[in-house]
Amino acid sequence: MDKTYGSFSKRLTRSIMLVQLVTIIFVALFVILSASIALQTMTRGFFLSELQVANESIEKRLNSVEVATNISVVDIMSQLGSPETIYTSFEEELKPNDKLIIGFAAAFEPYYFPNQGKWFEPYVYRQNGKINRMQVGSETHDYFNKEWYHKALQAKKGYWSDPYFDDAVTQTLMCSYFVPIRDENKQKIGVFGADFSIEWLYDRLKKMDTLINDYLPLVPVKTSENDENRWAYNLLIDGKGTFIYHPEKERILKDNFFEAIKESSDTLYNQLTRSIANGEKGYQEIKIDGQKCYIFHTSIKHTNWSNLIVVPKEGFLIPTIVIGVILLAIIATGLLAAYWISRHSIRRATKPLHMLAKSADEVAKGNFQAPLPELKHDDEIGLLRDSFGNMQQSLTQYIEQLKITTAEKTVIESELNIGRKIQMSMVPNTFPEHPKFEIYGMMTPAKAVGGDLYDFFIQDQLLYFCIGDVSGKGVPAALLMSVTRSLFRAYSNNERMPNHIMSRMNKALCENNEQNMFVTLFIGILDLSSGTLFYCNAGHEPPILIHNEAQQLDVEPLLPVGAIDDTVYQMQTIYIQSDTTILLYTDGLDEAMDAENKQFGRKRIMEELEAAIAEGQVAPQPLTERMSRAVHEFVGDTEQSDDLTMLVIKRK
């Protein structure tokens, strides 16, 4: 069934448009993000600066009240002779402060004026253009139990009370500033205070509301059913969070800001309340009255008040959305125009490719002599046509060469298979039963042929055995392996000293060793009658003795055979107890690597042997097969990196 192919010009057009689209989207996102960040930074700066301007205006008024009060208290303290003189001095001090202060009051310690009783709280205030007097202190108005009295009496400089509504006398929202009164002995005898109307604050903060709502043409947020639409508004709170100013007048002095933001997460709530309590200047996202907003805040000096601007969060999104919509419209229009222009141009440019594709299809079917179209292009398409012509010639030559190479490779593979069989036949593959020992070995080359070897034979109640590893792999190692095995057989025939055998083999292998190859080799001769093992090690892995536990055989660190011809090899001896197993192996066991290039290692060898001892599987064949399974499970599907050979001997 013929396969249906799509249009390359369409695919190329789509790819180009996709790249353009992704690029434009990233640019648009960057522009939108930058504009959004710039707008928000500018807006935050505007709100914080407006708070600062408002605070300066408020602080100026409060400072004027403090100055007037501090001046007046000095005059008052000089006229403490009688209650009447106090009232008179209050009236004199109030007259020049008609635009700033509503009234002056004092609260004296109990029985300071004995004829006035325990409570004496003279109050002089202005109402309807007249100055009035009254004595406020009484059992029902026990100022000694009021917080403002004790804090004012203890204040070092002065104390501002929380705002309150005077429903008894002036019917005005006000707050009071108090300072201690001292007698001629500098002892505190009471407090003196000025009542300060804060009605003017509402006019000031309403103007600020209008200003911040005119700053950006954003979606307005309605703060109440009766109030005008607004998207941002101002708040003024005292240290406890009570609203001193709120656009919804019914919430003033009744509702609490901290209660209004309790729906926010604990983290945001705690951060904002802590920042306000510390008198810090800043902003934070918070939920107020169920609406996500940004709160800009700053503290007012001389008081525990905080001035705040509340901006609904969605207000910041409108400019970003508008910019995004405009950019998307521009992008869509530009991409549509670019698509049609690109499609037409690419279709004309790729038409010759369609002609070349038909010719290439004929070549793919084996018709290497198929004619190619004549093109007048000197660009990449013309180069492609010439490349197809060269490919036809190269394919013809390659097919002929491949036939020759395949035939040669078949011969080589056949010869390697024969070589593998010959090599495997050179090492013992039958293991005799003997009353004094058991023996078993295995060899697994990493390639078709390898460089590992092992051998053994019995002569005059002596078990001769060896295990070795030729440097390198493949055919060169296999050839040196066969030479090494032959030398072992030849020199062991009439020799009972393993070090002498090793020395003779070393000299023979060093002769004409132009490739500088060498063999790590271990030779052992086990006296089956006495159990004495005579051995010599030439740089090979130390064997492991297995009895009640597994331990490494002590060997001298000598050079491999074939390295230096005058190397002196030493013989070592050890007594092998009955039921002791000797494990000999090449580095293909401990250096076997898994997919992460981690080696099997001697530690895992010892752990596996300890497990075999515990399970009683220390006979040569079961132990060899167990170690083989362990290393293959470790490497998994990873290709074998080195020849793996083991020889296990057990003295009965």
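The values are calculated or read from the model by the stated rules, or taken from the named source; none is laboratory data. All values reported here derive from a predicted model rather than from experimental measurement. Heads up, the Cβs are rebuilt from the backbone with ideal geometry, glycines too, and the neighbour counts pull from every protein chain shown. Just so you know, the surface numbers come from the protein's heavy atoms only, side chains and all, with ligands and any DNA or RNA stripped out. Shrake-Rupley method; radii C 1.70, N 1.55, O 1.52, S 1.80 Å.
Taking the numbered list (1) in a strand (DSSP E or B); (2) crowded, with 21+ Cβ neighbours inside 10 Å in turn, Tyr569 passes all entries but (1).
Residues in the stretch 440-457 that are in contact (Cβ under 8 Å) with a residue 60 or more places away in the chain and either closer than 14 Å to Phe488 by Cα or crowded, with 21+ Cβ neighbours inside 10 Å (or both): Gly441, Met443, Pro445, Gly450, Gly451, Asp452, Leu453, Tyr454, Phe456. Take the conditions (1) of a type outside the set (Phe, Trp, Tyr); (2) in contact (Cβ under 8 Å) with a residue 24 or more places away in the chain; (3) surrounded by 14 or more Cβ atoms within 10 Å (Cβ to Cβ); Gly290 misses just one of them, which is (3). For Gln551, the conditions (1) outside any loop (DSSP other than H, G, I, E, B); (2) crowded, with 16+ Cβ neighbours inside 10 Å are fulfilled apart from (2).
Could you identify the single residue in Gln599, Gln617 that is open to solvent by 50 Å² or more (accessible area, probe 1.4 Å) and farther than 12 Å from Val631 by Cα? Walk me through it before giving the result.
Values: Gln599 fails: farther than 12 Å from Val631 by Cα.
The unique qualifying residue is Gln617.
Evaluating Ala54 against the criteria (1) under 30 Å from Trp231 (Cα atoms); (2) open to solvent by 20 Å² or more (accessible area, probe 1.4 Å); (3) of a type in the set (Gly, Ala, Ser) leaves one unmet condition, (2).
Would you say Ser486 is open to solvent by less than 40 Å² (accessible area, probe 1.4 Å), hydroxyl-bearing (Ser, Thr, Tyr) and under 24 Å from Asn516 (Cβ atoms)? Working first, answer last.
Values: open to solvent by less than 40 Å² (accessible area, probe 1.4 Å): no; hydroxyl-bearing (Ser, Thr, Tyr): yes; under 24 Å from Asn516 (Cβ atoms): yes.
So Ser486 fails the test.
Filtering the stretch 97-107 for residues that are open to solvent by 50 Å² or more (accessible area, probe 1.4 Å), in contact with a helix residue (DSSP H, G or I) (Cβ under 9 Å, 6 or more places away or on another chain) and either free of Cβ contacts under 8 Å to residues at least 60 places away in the same chain or of a type in the set (S, T, N, Q) (or both) leaves an empty set.
Out of Ala508, Ala563, Ala477, one residue alone is modelled with pLDDT under 95, in a helix (DSSP H, G or I) and under 59 Å from the mean Cα position of the chain (by Cα). It is Ala477.
Working carefully through the options Gln599, Gln572, find the one that is of a type in the set (S, T, N, Q) and in contact with a Cys (Cβ under 9 Å, 6 or more places away or on another chain). The unique qualifying residue is Gln572. Residue check: Tyr294 meets all listed conditions (1) more than 30 Å from Asn97 (Cβ to Cβ); (2) at pLDDT 80 or above; (3) in a helix (DSSP H, G or I); (4) touching a strand residue (DSSP E or B) at 6+ places or on another chain (Cβ under 7 Å) but one, namely (3). In the stretch 110-159, the residue that is surrounded by the fewest Cβ atoms within 10 Å (Cβ to Cβ) out of those that are farther than 17 Å from Ile181 by Cβ, of a type outside the set (D, E, K, R) and touching a residue at least 40 places away in the same chain (Cβ under 8 Å) is Gln127.
Provide a single number: the residues in the stretch 493-548 that are open to solvent by 60 Å² or more (accessible area, probe 1.4 Å) and touching a Gly at 6+ places or on another chain (Cβ under 8 Å).
Residues flagged as open to solvent by 60 Å² or more (accessible area, probe 1.4 Å) and touching a Gly at 6+ places or on another chain (Cβ under 8 Å) within the stretch 493-548 amount to 1.
Selection of the stretch 427-474 for residues being closer than 13 Å to Lys650 by Cα and assigned to a strand (DSSP E or B) yields His434, Phe437, Glu438, Ile439, Tyr440, Gly441, Leu463, Phe465.
So that you can scan it fast, the table gives a plain yes or no per residue for (1) of a type in the set (Phe, Trp, Tyr); (2) assigned to a helix (DSSP H, G or I); (3) closer than 24 Å to His302 by Cα; (4) modelled with pLDDT under 85:
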| position | (1), (2), (3), (4) |
| --- | --- |
| Leu33 | no, yes, no, yes |
| Ala38 | no, yes, no, yes |
| Met42 | no, yes, no, yes |
| Glu50 | no, yes, yes, yes |
| Ser57 | no, yes, yes, yes |
| Val67 | no, yes, yes, no |
| Gly81 | no, no, no, yes |
| Glu84 | no, yes, no, no |
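Checking the structure you have, find out if any residue of the stretch 309-331 is small (Gly, Ala, Ser), open to solvent by 80 Å² or more (accessible area, probe 1.4 Å) and either touching a residue at least 60 places away in the same chain (Cβ under 8 Å) or farther than 29 Å from Ser34 by Cβ (or both). There is no residue in the stretch 309-331 that is small (Gly, Ala, Ser), open to solvent by 80 Å² or more (accessible area, probe 1.4 Å) and either touching a residue at least 60 places away in the same chain (Cβ under 8 Å) or farther than 29 Å from Ser34 by Cβ (or both).
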